[in-house]
Structures are given as structure tokens and as C-alpha cells.
1. Would you be so kind as to identify which of 258, 445, 40 lies farthest towards the positive end of the dipole of the chain, taking Lys and Arg as +1 and Asp and Glu as -1 on Cβ and the Cα centre as origin?
2. As a test of understanding, state the convex hull volume per residue of segment 274-453 from its alpha carbons, in Å³.
3. For segment 292-333, which trypsin sites (Lys or Arg not before Pro) are in a loop by DSSP, counting at most 16 other Cβ atoms within 10 Å?
4. Kindly count the pairs of lysines across segment 328-473 whose alpha carbons are less than 28 Å apart, treating pairs on different chains or eight or more residues apart as eligible.
5. Work out how much length residue 69 to residue 151 would gain on full extension: take 0.36 nm times their residue separation and subtract the Cα-Cα distance, in nm to one decimal.
6. Say the dipole of the chain comes from +1 at the beta carbon of Lys and Arg and -1 at that of Asp and Glu; which of 401, 388, 310 then lies farthest toward its positive end?
7. Counting only protein heavy atoms and a 1.4 Å probe, tell me what percentage of the chain's accessible area is made up of carbon and sulfur.
8. With every protein chain present, what accessible area does residue 455 have (1.4 Å probe, heavy atoms only), rounded to the nearest 10 Å²?
Amino acid sequence: MEAPNLLPKSPKSSSPSCSSMENLSIQFQENDETGRTFETIDPRTEEVIANIAEGDKEDVDLAVKAARFAFDHGPWPRMSGSERGRIMMKFVDLVQENLEELVALDAIDAGKVFEQAKAGEMPFAASILRYYAGAADKIHGKTMKMANQLQGYTLHEPIGVVGHIIPWNFPAGMFFFKTSPAMAAGCTMVVKPAEQTPLSALYCAHLAKLAGIPDGVINVITGFGTTAGAAISSHMDIDCLSFTGSTEVGRVVMQAAATSNLKAVSLELGGKSPLIIFNDADVDSTVNLTLLGGFANKGEFCVCSSRIFVQEGIYEEFITKLARNAKGINVGDPFDPSTHQGPQVDKQQYEKVLSYIEHGKRQGATLLTGGKPWEKKGYYIEPTIFTNVTDDMLIATDEIFGPVICVFKFKTVEEAITRANSTRYGLAAGIATKDLNIANTVSRSLHAGTVWINCYLAFDADVPYGGYKGSGFGREFGMEGLYKYLQVKSVVTPVHNSPWL
Ligand code: NAD
């Protein structure tokens, strides 16, 4: 497939003239205080795509100043919800018009399969933006009739300046998951994409400007976690921190938030999600469900079903068919329409996944499929399935964040629940059964923020999503995803004949 033209398309109405990605990056470099840059690498070729401005504490300070000014004096928090929604809808139109460009950037920068992201992730990201554009004029408080002839009412006010720190696995998607509800609430924000995948966030910021989002509302800082990220989480003038990333870094940013200005925090963290398949499930469809849940986005998916529990009655048939179908997964260039799985995001992640695979082999698990790099060049890894895995092996306990799944055999419903819950994570879980009673019992017993019954990775803008236990707290999507960007103010006043008067 030919590399797409990366020039943003202008909206039909009059708007600021648009610049090329090259100009954009120069513009961002000029804004960088230190003048330092870092390389972003193409995981298909291991070659440098571009040099990106390396934002540091000074740049974060400038971005926060811009966001604070826009919050305290700018039009965004002051305009009506319907006006914010109207501008956000224009942003949706631009995302749709520039969908291929956004997807291409993530294919080059993150190894995302172009056709999959074009059909799935980016339309979903646009649907999130559209959902919150529609929600912007539906933010209401309530009125309370109090004792002593007092009347109370609540105002839902934007929380202020938000710091968004995002990971590399869904760069463009995550930009919208984070910024859309905060925009709808009337907040202003500083966004830090992951250092591995900075490109699409810059493009999104450019589209935001074209859409008419006022200056200072969205400020993108490219840079590293321990510098730019740390400056955001510890900043005294950021009111709320929304972090998505690993559980380890989640702990660090929460600590920084607590020891700085005690900013509100929400954490979307890692997972080691179970998929439990019962004897009565249809084997062919659950094999496909397993491959989808385990290998979507090359396993770089926080909700990946990386622990597959199969009841003993169908176990042998299941693993035979699983091995056969897994061999049909095409690993290859993300722009090739026949590719199902692209390269891992970078060298570090690639080596981490391969070292887990080696660990699994050394600890005595059986390799059912895969287990090797796929090409000499690029960060490709074969879809890898282990059987004969014990619950305490590292491949069974750790989030690998790559195309590696473990299959376990179980006997009873109770055993499946106990083993599925024996993890420090609690992001998602899946159940495959035709038995309503089992589905109800197990879904209520699992410690996970999302439970999919006879489906997997079924997301919707209206369905809240987030973690239990070490997978974090706070919810994204749905109206729950908006409330965390609002403060509730209670106002109380005496009315006629009140003893207060
Ligand atoms: P990561 O925690 O290493 O990095 C995430 C972000 O945090 C990056 O922008 C990084 O620069 C920044 N960061 C790193 N150190 C920091 C510090 N000391 N202070 C402030 N910011 C810092 O995670 P990753 O490797 O980019 O992403 C993979 C992880 O993200 C996995 O654990 C995955 O499960 C998780 N994830 C969770 C969800 C979810 O919704 N629950 C979604 C996607 C990814």
C-alpha cells in the first residue's frame, strides 16, 4: 500500500491555514525550552521516523500556564455546553476526514495494523468524541428541599487544569478517550503522549485547532516519563491527573500527586485478564474468541485475555483447534491488507516479550505455537500459546503485554472463579457458556471492572470501563468518565419563612 499523504485536510469553513507534519514538528521544537529532541522509531524497520521535541519541566510549566490562563480567563469553561458540543462535533468531522492519516501515523509509529485501526480503533475514538460532544450540554446538578426552609442545589463545575499521561498502545485512540470527556466538562489540559508514539497526538492537536478549540485548551507535550511525565504528576497547578499506563508507574504518579498539591487522580492500569470457557461452550467460536482476546493489537492491549481457563471436558479438542487456527494468523507489515498482527511497539517491549517466552520454556511450560521472533528486521513476534502452565509461573502472573497467552485446564465452576481471581489485577474477564446460571454466578464473582459473556473486547462509548484492584480506579467512557472532570459545589439558601431570614 502506498504511504498516505500526511497533509491535514482543512475543514470546509474558513479556518487557520494548515501546516504539514514537518512544519508541525518544527513548530513544536521551537516551543521546546531546551531545544533537545529524541528519535521516534518505526518498529517495522527499526529506522528513525522523525526527531521530536523533548519537552521537560520548563515546557510543562509553560503548557500549564497556558492551560491555567485558558481555564481562568478563556472562553472554553465559560461557554454553554451546547456551544462546546458544537465545536467538538466539528472536531469529530475533522477526525473522520483525516482518519487514514491518523491511522497511518499509528501504523508507522506503533506498528498498528492499518486496516484494523481504520475499521475499529479510530472510528471508536471518533465515537467517544461524538458521545462527549453530545454530553456537553447534559451536565446537570440537582435541587434539594432542606429542613428549616432551606433550599440546596448543586453546581457541576469543571475541575480545572487536567494532566493526561497516556501509553503507547492506542496513541490516537487514547488521545480522544482522555481529552473528550475533559473537554465536554469545560476543562483545559496538558497531554503527554508516550515517548514511543508521539506523532498522532501532535496531529490531533493540530486538528483541534482547526476545529476551533480555543488556544490553551489542549496543550501537547512530547517527552519522557521521568521528566515531562513526572513534571505533570507533581505540578502544583494541575488540578486533576488522568493516567493510563503500567501499575508500577501508576503508583509513582499517585505518590507524586499526593505529595504535591493532592490533585485528584484516576488510574487505568495493567491487566492479566482471564477468559473462562465452560464445557457447554461452542468450541469453534470460543477458539476464535480466544485468538481475538489474546492477540488483538499484538497483545499490547490492557484487557487482553492472556489467561485462558478451559474446562476439562472440551480441553483437548479446544487446544487442538486453537493451535490450528493460531497458525492462520498472518504476522507482517501493518500496511499489508493480509496482515493480522504487526510488530511490537519498540525494541524494549520486543525483548521483554521474548524474555518472558524464554522464561516460560525454562519453567517447563509447553509451547503450543509460536515462541520466536518472526523476522530478522523489525520487532515481530509469532503468536505464542503455552499449555501446561502452573498458576505461579511468571508467564501466568505477570502482564506480558505481547502476543503470549497461557491455557489452563479446570474442573469446577468454583475452581475457575478462585483461579481467575488469583491475580493482583482486575481489569476485565470473559466467560463462554450457554448456561445462564453459570454466566450470572461467575460474572458476579469475578473481581474485574468489565465482564464479557460470550463476547470479548466489546466496547461502547456509553459503557463505563476501568479496573478493580491493581488495575486502578476511576472509570472511562459513559457519564462516569465525565464526572471525574467535574467538581460538585453545593449551594444553600433560605427561602420564604425560613428561620434563617
Ligand atoms: P508506562 O507506565 O511505562 O507509561 C505510560 C505513560 O507514563 C507514558 O506516557 C510514560 O512516558 C509515562 N511515565 C513513565 N514514567 C513516568 C513517571 N515516573 N512519571 C510520570 N509519567 C511517567 O506504560 P506503557 O508501557 O506506556 O503502557 C503499557 C501499560 O499501560 C501496560 O501495563 C498496560 O496494561 C497499561 N494500559 C492500561 C490501559 C487501561 O485502560 N487500563 C490501557 C492501555 C494501557
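The values are calculated or read from the model by the stated rules, or taken from the named source; none is laboratory data. Owing to the predicted nature of the structure, the values given are computational and were not obtained by experimental measurement. Note that we place each Cβ from the backbone using ideal geometry, even for glycine, and neighbour counts take in every protein chain shown. Side chains are part of the model used for accessible areas, which takes the heavy atoms of the whole protein and leaves out ligands, DNA and RNA. Shrake-Rupley method; radii C 1.70, N 1.55, O 1.52, S 1.80 Å.
1. 445
2. Measuring per residue, one finds 107 Å³ for the Cα hull of segment 274-453.
3. Sparse-neighbourhood loop trypsin sites (Lys or Arg not before Pro): 327.
4. 20
5. 26.1 nm
6. Positive-most Cα among the choices belongs to 310.
7. For the chain, the apolar C and S fraction of the accessible surface comes to 54 percent.
8. Rounded to the nearest 10, the figure is 50 Å².
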